[in-house]
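**Student:** This structure is in structure tokens; I'll ask about it shortly.
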Amino acid sequence: MRLLPALLLGLLVAGPAWAGDLAVSLKTPSGKPVAEAVVTVALAPGVPRMPIKFPWAYRMAQKDMSFSPFVLVVPVGAEVAFPNFDPVLHHVYSFSPAKPFELKLYGRDETRRVKFDRLGIVAVGCNIHDDMTGYIRVVDTPFAAKTNAAGEAVITGLPAGPITFTVWHPYLKAPRNEVAHTAVIPGAGAARQGLMIDLRAPPMKHGGY
């Protein structure tokens, strides 16, 4: 009789056998790939909440007078490291409602950490170097990915059937910088979505689109 709870837990961790993938490709109207966009799929109502752990580092470094990565995705409750690899002092802060914080002056090879315990978007800046900007997207779903330099992102392990997914980018021309789309996840393989999104012109430091 004790085997039943263990079996159910194993099924929840492994995910459904009929899981498929969502493959998203983003381009601007001029055909350029859109990197640093966050694609998310919300958990369906009633799905048990499990601890979320993404395979990438929860770290936003200061390097070459920029935040790296420019966009970071973390789960609610994650602790993010802010190492300074520049030969100058930085003063990292955010006024965003999701997580206002301040890391006063610290130098090269020093690291500060902040826990992000609320869902939302956190814009990060440096109080000394105004052109340094980064963004942290805090999510409550394990189904999240960020587009690479080719504008592509893949979310794996989705249950088969219709879904709604959200695309967010800090320069996206849309309310709250995000748009929603629908797709049908197959029982095996991937639902492929090629989308065109329009972006505002970013600061030249981060490149143009």
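The values are calculated or read from the model by the stated rules, or taken from the named source; none is laboratory data. Only a predicted model underlies this, so the values are computations on that prediction, with no experimental measurement involved. All Cβ positions, even for glycine, are placed from backbone atoms using ideal geometry, and neighbour counts span all protein chains on display.
**Student:** Test LEU89 against the criterion of being aliphatic (A, V, I, L, M) and under 18 Å from the mean Cα position of the chain (by Cα), and give yes or no. Break it down into steps so the answer makes sense when it comes.
**Tutor:** Numbers: aliphatic (A, V, I, L, M): yes; under 18 Å from the mean Cα position of the chain (by Cα): no.
When the stated conditions are applied, LEU89 does not pass them.
**Student:** Which of the residues belonging to segment 167-186 are closer than 17 Å to TYR135 by Cα and surrounded by 15 or more Cβ atoms within 10 Å (Cβ to Cβ)?
**Tutor:** VAL167, TRP168, HIS169, PRO170, TYR171, LEU172, ASN177, GLU178, listed by residue number.
Conditions tested, residue by residue: (1) without any contact (Cβ under 8 Å) to a residue 60 or more places away in the chain; (2) over 14 Å from the mean Cα position of the chain (by Cα); (3) within 26 Å of ILE52 (Cα to Cα).
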residue: PRO97; (1), (2), (3): yes, yes, yes
residue: PHE101; (1), (2), (3): yes, yes, yes
residue: LEU105; (1), (2), (3): yes, yes, no
residue: LYS115; (1), (2), (3): yes, yes, yes
residue: ILE136; (1), (2), (3): no, no, yes
residue: ASN148; (1), (2), (3): no, no, yes
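**Student:** Sticking with this structure for a sec: Taking the condition under 13 Å from ALA23 (Cβ atoms), surrounded by fewer than 17 Cβ atoms within 10 Å (Cβ to Cβ), modelled with pLDDT under 95 and not aliphatic (A, V, I, L, M), does GLY189 pass?
**Tutor:** Details: under 13 Å from ALA23 (Cβ atoms): yes; surrounded by fewer than 17 Cβ atoms within 10 Å (Cβ to Cβ): yes; modelled with pLDDT under 95: yes; not aliphatic (A, V, I, L, M): yes.
Yes; evaluated as a whole, the condition is true for this residue.
**Student:** Is it true that VAL71 is touching a residue at least 60 places away in the same chain (Cβ under 8 Å), closer than 28 Å to ALA145 by Cβ and out of contact with any helix residue (DSSP H, G or I) (no Cβ under 7 Å at 6 or more places or on another chain)? Before you say what the answer is, go through the steps one by one.
**Tutor:** Details: touching a residue at least 60 places away in the same chain (Cβ under 8 Å): yes; closer than 28 Å to ALA145 by Cβ: yes; out of contact with any helix residue (DSSP H, G or I) (no Cβ under 7 Å at 6 or more places or on another chain): yes.
Spelling it out, VAL71 is indeed touching a residue at least 60 places away in the same chain (Cβ under 8 Å), closer than 28 Å to ALA145 by Cβ and out of contact with any helix residue (DSSP H, G or I) (no Cβ under 7 Å at 6 or more places or on another chain).
**Student:** Checking the structure you have, find out if any residue of segment 82-91 is of a type in the set (Val, Ile, Thr), part of a loop (DSSP other than H, G, I, E, B) and in contact with a strand residue (DSSP E or B) (Cβ under 6 Å, 6 or more places away or on another chain). Break it down into steps so the answer makes sense when it comes.
**Tutor:** Within segment 82-91, the subset of a type in the set (Val, Ile, Thr) is 88.
Now narrow it down to the ones that are part of a loop (DSSP other than H, G, I, E, B): 88.
Filter again for in contact with a strand residue (DSSP E or B) (Cβ under 6 Å, 6 or more places away or on another chain), leaving none.
No, the conditions are met nowhere in segment 82-91.
**Student:** Residues that are loosely packed, with under 15 Cβ neighbours inside 10 Å: list the strands (runs of 3 or more DSSP E) wholly contained in segment 26-76 that include at least 1 such residues. I'd like the intermediate steps shown before the answer.
**Tutor:** Numbers: elements: 38-41, 61-63, 66-68, 71-75.
Ranges flagged: 61-63, 66-68.
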